[in-house]
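These notes concern the structure reproduced below.
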Amino acid sequence: MTFRTPHRSRPLLHRGPLRRALALSAIAAAALTGLTACDLFAPQDTKHIVEASVGVSARVGQVFVGNAVLVSSGHHTANLVVTLVNEATDAQQLEIVPAAGHHIAISLKPRGMRRLGDPPTDESLVTGLDAAPGALTTVTVTSSGQTVGLKVPVVSRALPPYGTLTPSPAPSPAPSPTPTATPSPTPSPTPSR
């Protein structure tokens, strides 16, 4: 007598090709999901921009203020060095006010760029500076009704890239010549005849 089993089980490898393809697809999808999510909890460096220079940068309205730094020559004077970029399609008015300086008014052309303080000019000269090299001082920048207070570093001309950006001292007035007394001609005696 022979016994027949109504259901004969076949190993997984011998099941239909459709089932094998579905099983492999499910395993691949699980592996792909697990492997691509490895950056989900890792810190992303592109979200935290670090300045690669000494100066500070900011956006004020439609104007990019880049690498602002005060180059000190001692004697409470410094040269404000900054790159200004108008990212708008119309002209922008900009006002820069160092903590101990005069107001600097700048007009930027549409999509224009301007480097202030390179080379040093009277416009970029900041006098009455109370901060020594190595300190931070506030420089206020206003454009399109928006104001940003930047903590700008004060650097010394001893740093190699800033040696040529030091403000030149104001020329001292040349001494005016003092008038010398010119001897008045004395009448010479006339010979008698």
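The values are calculated or read from the model by the stated rules, or taken from the named source; none is laboratory data. Every value quoted in this text rests on a predicted model; they were computed, and no experiment measured them. Counting neighbours? That spans all protein chains shown, and the Cβs are built from the backbone with ideal geometry, glycine included. Heads up: the accessible areas ignore ligands, DNA and RNA and are worked out on the full protein's heavy atoms, side chains in. Shrake-Rupley method; radii C 1.70, N 1.55, O 1.52, S 1.80 Å.
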Checking Thr121 against (1) more than 19 Å from Val54 (Cα to Cα); (2) in contact (Cβ under 8 Å) with a residue 12 or more places away in the chain; (3) hydroxyl-bearing (Ser, Thr, Tyr), only one condition comes out false. Which one? (2)
Is it the case that some residue within the range 73-81 is open to solvent by 70 Å² or more (accessible area, probe 1.4 Å) and either touching a His at 6+ places or on another chain (Cβ under 8 Å) or in a strand (DSSP E or B) (or both)? no
Scanning the range 39-60 for residues that are assigned to a helix (DSSP H, G or I) and open to solvent by 100 Å² or more (accessible area, probe 1.4 Å), which turns out modelled with the lowest pLDDT? Lys47
State yes or no: is Asn67 under 18 Å from Arg157 (Cβ atoms) and open to solvent by 30 Å² or more (accessible area, probe 1.4 Å)? yes
Check the range 87-98 and report whether any residue there is over 22 Å from Phe64 (Cβ atoms) and either outside any strand (DSSP E or B) or not basic (Lys, Arg) (or both). no
Looking at the range 154-161, can you tell me whether even one residue there is farther than 15 Å from His75 by Cα, open to solvent by less than 50 Å² (accessible area, probe 1.4 Å) and in contact with a strand residue (DSSP E or B) (Cβ under 6 Å, 6 or more places away or on another chain)? no
